[in-house]
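**Q** Please see the structure below; I have some questions.
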Amino acid sequence: MNQLFEDIDFVENPQYERIIENILTQQYCIVEDFFTVEDVSILRQSLIEKHEEDAFKKAAIGNRVNEVIVKSIRGDVILWIDELKANEAEMIFFNKINNLINYLNKTCFLGILHKEFHYALYPEGTFYKRHIDTFQNDDRRKLSIVCYLNEDGWLPENGGELVLYLDENGKEVEKVIYPFPGRLVIFESQIIEHEVKPVNVERMSITGWLKTR
Ligand SMILES: O=C(O)CCC(=O)C(=O)O
Ligand SMILES: [Fe+2]
């Protein structure tokens, strides 16, 4: 085994190994400080600039074939990120994400061939009701990834927690995750129902999906 890994230039990465272990055992993983304070700050600036340029649009539900905007389900605004036109901040983002994808593909044979990421901004008072990230007519999304870009010192009273609804031996358990800056949450798109609780202050993130085919 070691011999094989040496042949393909493989260096074991403890952080990635923990991500894989967590996803295999609990279908989700929380990674603290996946991005440095500096990275988060640059990415947040990029989000804010693009938002000020009015580039964001109201997020829809459903995919491109049948998308509708329903504010009683989700109230965030989003902007898809084009890796081919990535600015400096987005290059930092994709550099780290691509390293992770390469590792997953080498070690887990997940067959991740595509990815899609968007900035998301939840204005005060918005939320995203309980849902699952795959569409009825499209099951290519395998892993959901959320990266939080909020300022330091996010308070519980700000709301905006991500709640994962987990199945523990047939019993539903809520896993509450605060959107602390630098934090990355990864979960199985086809399995984990989740929601974003109403926010009392603006909440910023990048959300995306690793996809097959
Ligand atoms: O921002 C989050 O914590 C989750 C967002 C989400 O569930 C989605 O965009 O599908
Ligand atoms: Fe979601």
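The values are calculated or read from the model by the stated rules, or taken from the named source; none is laboratory data. Values in this document were obtained by computation on a predicted structure and should not be read as measured data. Counting neighbours? That spans all protein chains shown, and the Cβs are built from the backbone with ideal geometry, glycine included. Quick note on the areas: whole protein, heavy atoms, side chains included, nothing else; ligands and nucleic acids left out. Shrake-Rupley method; radii C 1.70, N 1.55, O 1.52, S 1.80 Å.
**Q** Mind ranking K211, K115 by accessible surface for me, highest first, 1.4 Å probe?
**A** K115, K211
**Q** May I pose another question? Let me check I have the definition right: for the chain, take the eigenvalues of the Cα gyration tensor, multiply each by 5, take square roots. What are those semi-axes in whole Å, largest first?
**A** Semi-axes (√(5λ), whole Å): 27, 21, 18.
**Q** R0 = 25 Å: FRET efficiency of N98 with E53, Cβ-based, nearest 0.05?
**A** Given R0 = 25 Å and the Cβ-Cβ separation, E is 0.45.
**Q** Let me ask you something else. Measure up K106/K197; K50/K71; K171/K211; K57/K115; K96/K171 against 32 Å on the Cα-Cα distance and list the ones that go over.
**A** Pairs exceeding the cut-off: K106/K197; K96/K171.
**Q** Whole Å is fine, so just give me how far the alpha carbon centre of segment 51-111 lies from that of segment 149-173.
**A** Here the two parts' Cα centres lie 20 Å apart.
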